[in-house]
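Q: Let me give you the structure first, and then I'll get to my questions.
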Amino acid sequence: MTAAVILTSGCSLESKYDCEFYAMDTVMTINAYGSKSENAVKAAQNEISRLDKLLSVQNENSEIFKLNQSKEMTVSEDTLTLITRSKELYTLTDCSFDITCEPLIREWGFYSGLENRVPSQQAIENALKGVGAEHINIENSTVTLDENTSLDLGGIAKGYASQKAAEILKEYGITSALMSLGGNVRAVGSKPDGEYWSVAITNPDDNAKSIGTLKISDKAVVTSGGYQRYFEENGQIYHHIIDTKTGYPADSGLKSVTVVSEDDTLADALSTSLFVMGLEQSGEFYRENNSLFGAVFITDSNEIYVTDNLKDSFMSEQGFEVVEP
Amino acid sequence: MKSRIWIIIFSVAALLCLGVWLFISNVSSPSRVVGIYKDGSLVEKIDLNSVTGEREITLSGEYGDNVILVSNGHIKMKSADCPDKFCVEHGELKSSSSPIVCLPNKVVIKFENSTDGADAKTGAIKCIQKN
């Protein structure tokens, strides 16, 4: 009886605030627990909307849009931080993560108002002229782009936004919250009862189902998969993750890659780049950087590979192989 | 006289059994309360278990109408004027970690409580495509 009373009073003390909103061309949810949760969630939402206006590639008032037009601009601190980080990640991932992909994404028609189509070889070669982070020059807070270069931060902006939002929630004293920024999941602390959060990974073949579940606390979980956006032409499927080395959709034998990290920005960028690299190269990358992240790979033949540091937090009805450190 | 006592005992026992059965079935039946959201605001909460007959709910957005079909235990997007139709392709709402989402028209249909033990799902949401 006493236990029940304590339990009941414990629950009633814990207030919860949920919020659903639209930013960065997707739907986002923030669920936070604690007495200041309402103010904390509203502040986090404002921060995400602010970053959306700054980093959007299609909003004519964003810094990235203006930089792509003018090719030289003094940018704000957030934009500078992200472009600098993107250049570092370009080097770290051996050019697999590349924010200069904009001309290629445009050719393939993966922007609002454009028609998806397979570009001509000539168009791809032209687009590739400006691709590569070596075409971005940074001096103090001025960013200069080469003539044929344009930036798209779509592969990293949501990660950066969830990191900033998580920091704000923590500043408000929130110790338990869960966010989803269009499928980029971020946990702040653990569940209110101290348990791990349970994050399902979408089954690439049937998006209404899951292929497994990760138990996490205070980490970001980001998935990149060809199934998230694609079009069909002449019976062939073309997805949205473009390999900037070839100019064509990455064909590396993977259906999806899920990255777990304390660093949301890294998790976002790596999910795309490991997808481009494929399983073998990703395994080598993991062995060199296993303190930074963990990953779950789904191959084209539906095999699951899980990095060693996640093998105890991942559960699936299907068996899986472990990527050794 | 004796048989009347037995009838009363049996009746009480039968009622108790019925009560216990009702209690258990009520506790063990999963929560089927669904929320329909437009632009992030709740439009309506529906307990799918208490729906009788069929009902259509029409919501209007930037890309035309979304028609939601509700029947006992079931909810789905029947039709939509949005360009991608991912919400219609989704079929019936089956689990809390896979809400029905129409990004162009900003409509979300989801269970209010976890139905599958997961707190969130990664990678589920397809990107917006405005053609």
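Q: What is the distance in Å between the Cα centres of region A:242-318 and region A:133-207?
A: Value for the Cα centre distance between the two parts: 16 Å.
Q: Could you work out how far helix B:2-28 tilts from the main Cα principal axis of chain B, as a 0 to 90 degree angle to the nearest 10?
A: That works out to roughly 20 degrees.
Q: Right, another one. Let me confirm one metric for peptide B:94-102, namely the mean number of other chain beta-carbon atoms within 10 Å of its residues' beta-carbons. Present the calculation step by step, with values, prior to reporting the outcome.
A: On the way: counts 2, 4, 1, 10, 8, 4, 1, 4, 1.
Mean partner-chain Cβ count within 10 Å for B:94-102: 4.
Q: Now for a separate question. To the nearest 20 debye, what charge dipole does region A:25-83 have about its Cα centre, counting +1 at the Cβ of each Lys and Arg and -1 at the Cβ of each Asp and Glu?
A: 120 debye
Q: List the longest stretch of chain A that has no exposed loop site; here a site is one of the GluC sites (Glu not before Pro) assigned by DSSP to anything other than H, G, I, E or B, with at most 10 other Cβ within 10 Å.
A: No qualifying site falls inside A:148-316, the longest such stretch.
Q: Related question: Can you give the average number of partner chain beta-carbon atoms within 10 Å of each beta-carbon in peptide A:68-74, as a whole number?
A: Per-residue shielding by partner chains comes out at 0.
Q: Also: For A:Val322 and A:Asp251, what is the calculated FRET efficiency with R₀ set at 30 Å and r taken between the beta-carbons, to the nearest 0.05?
A: Numbers: r = 25 Å, r/R0 = 0.84.
The pair A:Val322/A:Asp251 has a calculated efficiency of 0.75.
Q: What is the sum of charges, Lys and Arg at +1 and Asp and Glu at -1, for the other residues whose Cβ falls under 13 Å from the Cβ of B:Ser41? Working shown, then result.
A: Details: positive: B:Lys38, B:Lys45, B:Lys106; negative: A:Asp18, A:Glu20, B:Asp39, B:Glu44.
That sum, taken over residues with Cβ under 13 Å, equals -1.
Q: Do any trypsin sites (Lys or Arg not before Pro) in region A:177-236 lie in a DSSP loop with no more than 15 other beta carbon atoms within 10 Å, and if so, which?
A: Loop-located and lightly packed - none at all.
Q: Another question about this same structure. I need the GluC sites (Glu not before Pro) found in region B:32-131, filtered to DSSP loop residues with at most 11 other beta carbons within 10 Å of theirs. If you can, show how the numbers build up before the last one.
A: Values: sites: B:Glu44, B:Glu54, B:Glu56, B:Glu62, B:Glu89, B:Glu92, B:Glu112; in loops: B:Glu54, B:Glu62, B:Glu112.
Of the GluC sites (Glu not before Pro), the ones in loops of region B:32-131 whose Cβ has at most 11 other Cβ atoms within 10 Å are B:Glu54, B:Glu62.
Q: When Cβ neighbours within 10 Å are restricted to other protein chains, what is their mean count per residue of peptide A:199-207?
A: Partner-chain Cβ atoms within 10 Å, mean over residues of A:199-207: 5.
Q: For chain A, calculate the relative contact order in percent as a whole number, restricting contacts to Cα pairs under 8 Å that are 6 or more residues apart.
A: For chain A, the relative contact order is 15 percent.
Q: Tell me the net charge near A:Tyr305. Cut-off is 15 Å between Cβ atoms, A:Tyr305 excluded, with +1 for each Lys or Arg and -1 for each Asp or Glu.
A: Its environment carries a net charge of -4.
Q: Still on this structure, I have one more. Explain nothing, just the number: relative contact order of region A:188-286, from Cα pairs under 8 Å at least 6 residues apart, as a whole percent. It would help to have the intermediate numbers written out before the result.
A: Numbers: 152 pairs, mean separation 23.3, N = 99.
That works out to 24 percent.
Q: Right, something else. For region A:240-257, list residues with backbone N below 18 Å from a point placed 7 Å from the Cα of A:Asn302 toward its Cβ?
A: What the label zone holds, given the 18 Å backbone N cut-off, is A:253-257.
Q: Taking the Cα centre of region A:1-137 as origin, work out the dipole magnitude from +1 charges on Lys and Arg Cβ and -1 charges on Asp and Glu Cβ, in debye rounded to 20.
A: 180 debye
Here, each number is a calculation from the coordinates, and none is a lab measurement. All values reported here derive from a predicted model rather than from experimental measurement. In this analysis, Cβ positions are derived from the backbone assuming ideal geometry, glycine residues included, and neighbour counts consider all displayed protein chains.
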